Amino acid sequence: MVKKLPKISSEKIISIPELKKILEDIQAKRELSSIERVTLEYATRHSKIDYEKGENLKKELLDYGLPEEVVVQIVNIMPKSIEEIRSILAPLSKVFTTDEIKKIKEIIEKYR
């Protein structure tokens, strides 16, 4: 018998550290399904920052005025260079100056 997946009632953009924390919280309450286990393994391997630092970085970048989608990608990737940051910001209609990108880099470095 094929198990039905639950209906999606809402969507939210989350970072890899957030995903990891959510799955760890679920794991503390019950056994994870196979897909949840694989996803937790992925999140554990690819998370570049812990949950608290990620949330603080996310808040600071949102306060700086960056859109949530971009902020989540920055938290996921934790770019090290101005070029990496510029490529993450490229899809936005706003053109960022080098000084603005340097400021974003400074914010990221505080949480590394």
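The values are calculated or read from the model by the stated rules, or taken from the named source; none is laboratory data. As the structure is a prediction and not an experimental result, all values here were calculated from the model. Cβ: placed from backbone, ideal geometry, glycine included. Neighbour counts: every protein chain shown.
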Exercise for the section: Could you list all residues from segment 28-78 that are in contact (Cβ under 8 Å) with a residue 24 or more places away in the chain, farther than 14 Å from I16 by Cβ and touching a helix residue (DSSP H, G or I) at 6+ places or on another chain (Cβ under 6 Å)? Expected result: E60, L61
Handout entry: Selection count, segment 81-106, where residues are out of contact with any Pro (no Cβ under 8 Å at 6 or more places or on another chain), closer than 17 Å to E69 by Cβ and either not polar (S, T, N, Q) or not assigned by TED's automatic domain parsing to the domain that holds D63 (or both)
Key = 8
Completion exercise
Checked segment 89-112 for anything outside any helix (DSSP H, G or I) and over 19 Å from P17 (Cα atoms); matches are A90, P91, L92, S93, K94, V95, F96, T97
Fill in the blank from the handout: Flagged in segment 66-88 as outside any loop (DSSP other than H, G, I, E, B) and of a type outside the set (A, V, I, L, M, F, W, C), in numbering order, are E68, E69, Q73, N76, E83, E84, R86, S87
Practice task
Scan segment 50-65 and give yes if some residue there is charged (D, E, K, R), over 30 Å from D99 (Cβ atoms), in a loop (DSSP other than H, G, I, E, B) and modelled with pLDDT of 95 or more, otherwise no.
Solution key: no
Completion exercise
The residue from E18, E24, E31, E83 that alone is exposed (fewer than 11 other Cβ atoms within 10 Å of the Cβ) and within 30 Å of K4 (Cα to Cα) is E31
Problem - Check on I35, of a type in the set (A, V, I, L, M) and over 29 Å from R112 (Cβ atoms) - result: yes
Practice task
Can you tell me which residue among I22, I13 is hydrophobic (A, V, I, L, M, F, W, C) and not in a helix (DSSP H, G or I)?
Solution key: I13
Handout entry: Some residue of segment 16-24 being within 14 Å of the chain's Cα centre (by Cα), touching a residue at least 12 places away in the same chain (Cβ under 8 Å) and farther than 30 Å from E100 by Cα
Key = yes
Practice task
Say whether the condition of being out of contact with any Phe, Trp or Tyr (no Cβ under 6 Å at 6 or more places or on another chain), modelled with pLDDT of 95 or more and among the β-branched types (V, I, T) is met by at least one residue in segment 3-12.
Solution key: no
